[in-house]
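The values are calculated or read from the model by the stated rules, or taken from the named source; none is laboratory data. Every value quoted in this text rests on a predicted model; they were computed, and no experiment measured them. Don't worry about glycine lacking a Cβ; one is built from the backbone with ideal geometry, like all the others, and counts go over all protein chains shown.
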Amino acid sequence: MKRYIAKRIVYLVLTLFIITTATFFLMKNLPGTPFDEEKLALLTQDQRDQIYASYGLDKPVIVQYVNYIGNIVQGDLGTSIYYTGQDVKDIIVDRIYPSALVGLQAILLGTVIGLILGVLAAYRHNSGWDYAAMIVSVLGVSIPNFVLAALLQYYIGLKWGILPVAFWESYDSSVLPSVALSFGVIAIIARFVRTEMLEVLQQDYIVTAKAKGLGQMAILSRHAVRNSLIPVITILGPIVVNLLTGSLVIENIFGIPGIGSLFVDSIKTNDYATIMGVTIFYSAFYVVVMLLVDILYSLVDPRIRLGSGRE
Amino acid sequence: MKKKGSLSLLALMLVFSVVLAACGNNNENASGSSSPSASAGASGSAAPSGKPINLYVENEIKNLSQWAASDDISFTVLNNVSEGLYRLDADNNPQPALAQDVAISDDKLTYTFTLRDGIQWSNGTPITAADFKYAWLGEMNPTTATNGYSFILTDYIVGGAEYAAGTGTADQVAIEAKDDKTLVVTLKQPTPFFLRLTSLVPYFPLNEAFVTSQGDQYGLAADKLIYAGPYVLESFDIAAGAVLKKNPTYWDNSNVKTDTINLKVIKEQSTALNAYKAGQIDRVTLASSDVDANKSNPEFGTGIKFRTTYLQFNTKAEGLSNVNIRKALSLAFDSNILAATILNNGSSGASGLIPDLMSGDGTKTFRELNGKVIEANIEKAKELWAQGVQELGSAPKLTLLIADTSEVKDVATFLQSEFKNNLGIDVAIDTKTSKARNELMDNNNYQMAVTAWGADYDDAMTYMDLWTNHTPYRGNYESSEYDALIANAKKETDDAKRADMLLQAEKQLVDTDAVVAPIYFGGYSFLQKSNVTGLIYHPYGNPVEFKSAVAQ
């Protein structure tokens, strides 16, 4: 197990290095500069060169790359050009909290409701409950979350005045965006749990448990649900990464100062250091979560032994 | 059953909210500036005057370092937490601000400013003439200023251009801090709008001791700035917004009636409108699609911006090197229809390059003096097109380059259909990100492009000067007559004669040589709560004054 994790961490670093390198060179091919070109056009070439030089952009791309990697190894993500002088690390730290809070709430809400719906649908297979749960699930997958967001904002925020329409002012501000984001999670989780539960309920050990005289609730909670969780954990990995790193659309609709919009804006404005910083952050987060998911498997299902088989 | 479902949902949310509110609080302290600040608490301080005013900006507050800021949003904040020698009033005329008055020499070249008595920075340091000199020299120097705004000083001040280019020294720049209260500036040429220029952000003072003590941290947070304006920043976050508080050390603070101004960042126009309707903000700019529904609202209003959107022809590009082709395209669309039906936001069809209301000779506006230099004329357009095609030998294939913003896309589609209907030609539209569009233009890789220019100051020169640099971005336009007109206008001391030269220059650029085809003058529609008064919006330069704003 330890050897397995060590090996995975080596791969992880390698993956990050490749992503960083690829992104760096792709990014340098973006058209334009990180500056206000219309204003820059009014300067002489010498003046422009001096501005480029002050950000180290006058050097050949390969030199810039080596410098950049050197800085990253020392934990320095550089400073933003668009947000002049702001440390990229600080920007990411500032912006991750709103996105992560909203994302985390959406995941908790979505997982709990999705689980309940899924279990209910499987347990009362082909009943009204089943159909209702699956209708919710189909709607959740097919309605884009920005439509829901707009509806929630209009009715709950504006018409009924229950929660704030927008902004990041108090805890209340995070509720509507979380609910809007959670629908997709509900839908996915409910479907997965239902399918898996239906299969698990057919298994011999369930029959055995019934024969032993275990009660319905005990069978469900002790055997059926636990065994249905494996695919949920698999799917939860990418969902966690997706939601915790922010959604551009939801953040814009609710005026949340999150990281999703930062990433898109940084690309639009050629803010090199920010593009790199956010990319590295995203990919690091992703590979770490994937590793955790694999470790979680072995905890949920002791039959899965990490690293014991052929690699 | 539906109700039951939503109830249990609410219950669940409640449970989560208790759990998460707890971690929320911890994080709030840790993450500092991005923490949500309780807006209700703001009014808690003993407030003898107006209620807090809640406003928004449409994009992030990029940076508040004066030498780096170049966008309207940074200027919105900086203009209200700092101040120049002059400040524009409600009629966009310059009024003494940090300066008490000015003496202008007879040749209109030397300005001697006298600063007010007792003016000080928010940290108690006196504001002196040296602070202006330091800020202005820093803006000219490309190693300290990165906003590309140095031209707005170096174009006027003797020695500035040489210093900026590295061929002159700081000593040779004609800015002299004679004593703490006296600032003497010598200009290269008479500049009737120089006092207006001193109201712009690049002309604001900076305290050398403070700026150097902060090093590269200067301007990155509310406590890494000191303030000279009607307000100070209590907090500021790039993406969440800023909280402005009345500045107790401001010289005119008895006329500042509002204690708190909350400035939020909202990027979605529909979100802003919802927030306005819910009472979370006091003013909202309307999207075109929302204008008709709100026109009868007593809170509705319109304003104009000195921003002209125009078609830039590349005079060296295939087909468009022919002046008749360019003229035909200029006359073949009716921009009044565009403004009234498609834009529908307060914009108006362009009758020239210089927007309505921009100053002319001091008594009349530029537009009043020059009349219409462009007006749709389909018959003439057809004639000119036929003539151009004959001269070229065949009809040119045309592509219109645009940036991918929704407004410009609408404009391009309109132009495309007008060219089709009126000239019978198919024009392709090439949509790029604005960065990519700029690069194509800079590389001389375009035929014609939709672009816009917002005035930096209230004078036609802010537009006319652009086409003297002969770059591909400006259509490779090279005319010795035009250059001479601009150069002479810059030297002219007589306002009427000077205006006359600029009038001629506009006619030549738009009509005779058809280098650009003006499309529309920028405008906007808004809703503003009826209890809010005294917000002054300018059509150019600093976007807005909070100084006199009051919410009853």
*From the list B:GLY362, B:GLY349, B:GLY371, pick out the single residue that is small (Gly, Ala, Ser), assigned by TED's automatic domain parsing to the domain that holds B:ILE519 and touching a Phe, Trp or Tyr at 6+ places or on another chain (Cβ under 7 Å).*
B:GLY349
*in contact with a Lys or Arg (Cβ under 8 Å, 6 or more places away or on another chain) and either surrounded by fewer than 21 Cβ atoms within 10 Å (Cβ to Cβ) or of a type in the set (S, T, N, Q) (or both), is that true of B:LEU369?*
no
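If you take the residues of region A:49-96 that are of a type in the set (Lys, Arg) and more than 7 Å from every other protein chain (Cβ to nearest Cβ), which of them is surrounded by the most Cβ atoms within 10 Å (Cβ to Cβ)?
A:LYS89
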*Just for region A:49-80: of the residues that are of a type in the set (Ser, Thr, Tyr) and either free of Cβ contacts under 8 Å to residues at least 60 places away in the same chain or assigned to a loop (DSSP other than H, G, I, E, B) (or both), which one is nearest to B:ARG474 (Cα to Cα)?*
A:TYR52
*Sort out which residues of region B:314-343 are in contact (Cβ under 8 Å) with a residue 60 or more places away in the chain and assigned to a loop (DSSP other than H, G, I, E, B), and write them in order of number.*
B:ASN314, B:THR315, B:LYS316, B:ALA317, B:GLU318, B:GLY319, B:LEU320, B:ASN322, B:ALA332, B:PHE333, B:ASP334
*Residue list for region B:264-280, restricted to those being within 9 Å of chain A (Cβ to nearest Cβ), among the hydrophobic types (A, V, I, L, M, F, W, C) and either surrounded by fewer than 22 Cβ atoms within 10 Å (Cβ to Cβ) or outside any strand (DSSP E or B) (or both)*: B:ILE266, B:ALA272, B:ALA275, B:ALA278
*Among all residue pairs at least 6 apart or on different chains, which show Cβ distances below 8 Å where the first residue, located in region A:25-48, is facing chain B (nearest Cβ under 7 Å) and the second is β-branched (Val, Ile, Thr) and assigned to a loop (DSSP other than H, G, I, E, B)?*
A:PRO31/B:THR433; A:GLY32/B:THR433; A:PHE35/A:ILE81; A:PHE35/B:THR146; A:LEU40/A:THR33; A:ALA41/B:THR471
*asked:* Condition (residue is in contact with a Gly (Cβ under 6 Å, 6 or more places away or on another chain), touching a residue at least 24 places away in the same chain (Cβ under 8 Å), surrounded by 18 or more Cβ atoms within 10 Å (Cβ to Cβ) and closer than 30 Å to A:SER173 by Cα) applied to region A:111-126: is it met by at least one residue?
replied: no
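Could we say that A:LEU158 is over 22 Å from the mean Cα position of the chain (by Cα), under 30 Å from B:LYS264 (Cβ atoms), in a helix (DSSP H, G or I) and within 13 Å of chain B (Cβ to nearest Cβ) here? Walk me through it before giving the result.
On the way: over 22 Å from the mean Cα position of the chain (by Cα): yes; under 30 Å from B:LYS264 (Cβ atoms): yes; in a helix (DSSP H, G or I): yes; within 13 Å of chain B (Cβ to nearest Cβ): yes.
Judged against the criteria, A:LEU158 is a match.
Being crowded, with 17+ Cβ neighbours inside 10 Å, under 21 Å from A:GLY103 (Cα atoms) and either in the same structural domain as B:SER122 (by TED's automatic domain parsing) or modelled with pLDDT of 50 or more (or both) narrows it down to one of B:SER74, B:SER17, so name that one. So that I can check it myself, show each step before the final result.
Numbers: B:SER74 fails: under 21 Å from A:GLY103 (Cα atoms).
Selected residue: B:SER17, the only one of B:SER74, B:SER17 that is crowded, with 17+ Cβ neighbours inside 10 Å, under 21 Å from A:GLY103 (Cα atoms) and either in the same structural domain as B:SER122 (by TED's automatic domain parsing) or modelled with pLDDT of 50 or more (or both).
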*asked:* Six or more apart or on different chains, Cβ atoms under 7 Å: show the pairs whose first residue is in region B:473-489 and at negative phi and whose second is among the hydroxyl-bearing types (Ser, Thr, Tyr).
replied: B:TYR477/B:THR315; B:ASP483/B:THR468; B:ILE486/B:THR468
*Hey, can you tell me all the residues within region B:510-552 that are part of a helix (DSSP H, G or I), surrounded by fewer than 20 Cβ atoms within 10 Å (Cβ to Cβ) and not polar (S, T, N, Q)?*
B:ASP511
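Please verify whether region B:478-500 includes one or more residues that are under 24 Å from B:LEU343 (Cα atoms) and among the polar types (S, T, N, Q). Steps first, answer last, please.
Restricting attention to region B:478-500, the residues satisfying the condition of being under 24 Å from B:LEU343 (Cα atoms) are none.
No, the conditions are met nowhere in region B:478-500.
Would you say B:ILE429 is in the same structural domain as B:PHE313 (by TED's automatic domain parsing), of a type in the set (A, V, I, L, M), surrounded by fewer than 17 Cβ atoms within 10 Å (Cβ to Cβ) and modelled with pLDDT of 95 or more? Don't jump to the end; show me each part of the working.
On the way: in the same structural domain as B:PHE313 (by TED's automatic domain parsing): yes; of a type in the set (A, V, I, L, M): yes; surrounded by fewer than 17 Cβ atoms within 10 Å (Cβ to Cβ): yes; modelled with pLDDT of 95 or more: yes.
Here the answer is yes, as B:ILE429 does meet what is asked.
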_Here is a list: B:LYS529, B:LYS507. Which entry is modelled with pLDDT of 95 or more, of a type in the set (D, E, K, R) and in contact with a strand residue (DSSP E or B) (Cβ under 8 Å, 6 or more places away or on another chain)?_
B:LYS529
